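Have a look at the structure below before the remarks.
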Amino acid sequence: MNSLQVNVEFGGGAELLFDNKKTVTISLPEKKEKWTIEHLLIWIKDNLLKERQEMFLQGNSVRPGILVLVNDTDWELMNTINYIIQPNDRILFISTLHGG
Amino acid sequence: MPKCSAKCGNKAILKRPKTGDALCKECFFDAFETEIHYTITKCTLFKPNMTVAIAASGGKDSTVLAYVLKLLNKKYNYGLKLVLLSIDEGITGYRDDSLNTVKQNRDDYEMPLKILSYKDLYGWTMDEIVEKVGRKNNCTFCGVFRRQALDRGAALLKVDCIATGHNADDIAETVLMNVLRGDLARLKRCTAIITGNGSGDGIPRVKPLKYTFEKEIVMYAYFRKLLYFSTECVFAPNAYRGHARMLLKDLEKIDPTIIMNIIYSGESIRVSENTSLPSLTNCTNCGYVSSQQLCKACVLLEGLNRGLPRLGIGKSSRVKQILTEEKYNNLNSNSCVEAKNCLCKNLKDNSVNLK
């Protein structure tokens with residue numbers, strides 16, 4: 001079995017929490033259950049998010065005010081945190097909390 | 001994968017917070033633009049041949065506002081002349097970058113741009129102000145100065161009205177904040193879609209995005225591929241507004257229509273006739289509209305220039321007390337009678353009002 005490759009992107013100011021990186025390609029390790037966005041968020045917290053976790057996460061989801069798009073579709077149409085990640089999915093987090 | 005609620009057969013890309021509808025990209029663009037057009041015509045925000053200054057920060061709201069106004073102006077023949085007006089607060093690493101985005105807007109949307117700086121207008125940059133006042137009350141200075149700066153810029157450009165990018169979330173946030181502070185005067189007027197018209201109160205301001213959700217503005221900018229600048233104000237983490245914002249976003253998650261309900265409540269609220277609200281007058285120093293003898297900007301500026309940066313923070317009665325005490329001291333010492341712009345002069349002429 002192979003690991004699961006996913007493209008994670010940040011925009012709207014969310015990239016400021018990730019060393020200003022706008023695109024990261026990650027390989028999620030193989031595990032028994034299927035990878036959902038809820039699991040991905042934990043993985044991001046442990047591997048990418050170094051500081052101010054509360055600016056990105058709240059409970060088992062993203063902080064309210066951060067939009068999530070899966071392959072350019074609003075995750076609210078795709079079961080939000082329960083969406084099962086597919087190989088090469090493009091998952092974008094856009095902050096609406098940052099000003100101009 | 002859900003289909004568009006408009007039954008066009010396309011794949012939906014977004015769930016609308018206002019209605020819960022799932023829309024495809026084209027139907028979303030159409031709904032978004034049509035609703036703003038509806039707001040503009042229903043509330044008669046503009047008249048033909050007006051020159052409109054768009055308050056442009058380079059951020060998502062003003063970028064979307066500039067794009068949509070240009071589009072609607074052409075599509076529906078509003079007959080408006082659109083210009084961009086930006087304020088440079090002088091915050092290193094914040095405004096520098098966003099002004100570049102505004103310059104890009106100027107080129108992309110082919111609109112003239114005017115940039116006014118705090119340094120030019122007030123003699124102080126926000127960096128210098130923060131050095132004096134610290135990071136607790138700096139947002140008061142920035143907010144008060146920006147409001148006047150936009151009016152001064154609009155007067156310079158000889159425009160008929162200023163359009164700002166305040167969205168539905170911003171306005172709901174302001175309603176909440178005014179409730180939390182018990183600020184009835186502001187609570188009464190903060191939901192108005194047009195302010196400053198008819199009462200000699202400077203140039204009218206309009207909010208075409210008043211009923212537009214922040215989520216849709218960000219999604220619109222994303223799918224239209226509009227370039228905007230986003231950052232955290234380097235000084236903002238201590239701002240009181242942040243608390244109201246977090247509360248609102250938590251509520252919005254439970255039910256997005258809460259945003260509209262808060263705005264509706266703010267619009268419908270009537271302040272009891274027994275409540276005394278400050279009446280508006282003109283600042284004796286600069287002539288700007290004010291509820292006090294001296295406007296907030298003049299008081300804050302006076303505090304900075306005299307090395308009393310906390311002068312304008314808090315109650316206005318305290319300002320009167322400090323300035324009155326100073327006035328008597330100065331009458332004895334005659335120390336600042338010669339100073340051309342000294343506020344004591346204005347206060348002396350109006351000393352009766354100060355008691």
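The values are calculated or read from the model by the stated rules, or taken from the named source; none is laboratory data. For clarity, every value in this text was computed on a predicted model and none was experimentally measured. Don't worry about glycine lacking a Cβ; one is built from the backbone with ideal geometry, like all the others, and counts go over all protein chains shown. The protein model used for the area step is the full one, side chains on, heavy atoms only, and it has no ligands, DNA or RNA in it. Shrake-Rupley method; radii C 1.70, N 1.55, O 1.52, S 1.80 Å.
A compact table of results
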{"quantity": "3 or more residues charged (D, E, K, R): qualifying helices (runs of 4 or more DSSP H) within region B:118-175", "calculated": "B:126-133, B:138-156"}
{"quantity": "Within region B:60-90, tally of residues that are touching a helix residue (DSSP H, G or I) at 6+ places or on another chain (Cβ under 7 Å), assigned to a helix (DSSP H, G or I) and more than 25 Å from A:L97 (Cβ to Cβ)", "calculated": "3"}
{"quantity": "Positions within region B:207-245 being within 22 Å of B:N178 (Cα to Cα), at pLDDT 95 or above and open to solvent by 20 Å² or more (accessible area, probe 1.4 Å), in sequence order", "calculated": "B:K207, B:Y211"}
{"quantity": "Residue ranges of strands (runs of 3 or more DSSP E) in region A:1-97 with at least 3 members more than 10 Å from the chain's Cα centre (by Cα)", "calculated": "A:4-11, A:23-28"}
{"quantity": "Subset of region B:51-70 that is touching a strand residue (DSSP E or B) at 6+ places or on another chain (Cβ under 7 Å) and either surrounded by fewer than 17 Cβ atoms within 10 Å (Cβ to Cβ) or of a type in the set (K, R) (or both) - its residue that is farthest from A:T73 (Cα to Cα)", "calculated": "B:T51"}
{"quantity": "Residue count, region B:253-299 (criterion: of a type in the set (S, T, Y) and part of a helix (DSSP H, G or I))", "calculated": "4"}
{"quantity": "Tally, over region A:19-33, of residues that are more than 14 Å from every other protein chain (Cβ to nearest Cβ) and either basic (K, R) or buried (at least 20 other Cβ atoms within 10 Å of the Cβ) (or both)", "calculated": "3"}
{"quantity": "Residues of region B:89-127 that turn out to be closer than 26 Å to B:N285 by Cβ, away from chain A (no Cβ under 13 Å) and surrounded by 15 or more Cβ atoms within 10 Å (Cβ to Cβ), as a count", "calculated": "13"}
{"quantity": "Residue check, B:S268 among the hydroxyl-bearing types (S, T, Y), modelled with pLDDT of 90 or more and over 30 Å from B:F29 (Cβ atoms)", "calculated": "yes"}
{"quantity": "Selection within region A:76-100 - surrounded by 18 or more Cβ atoms within 10 Å (Cβ to Cβ), closer than 15 Å to A:H39 by Cβ and among the hydroxyl-bearing types (S, T, Y)", "calculated": "A:Y83"}
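Table: residues versus (1) in contact with a Ser or Thr (Cβ under 8 Å, 6 or more places away or on another chain); (2) open to solvent by 50 Å² or more (accessible area, probe 1.4 Å).
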position	(1), (2)
A:L41	yes, no
A:Q58	no, yes
A:V62	no, no
A:V70	no, no
A:D74	no, no
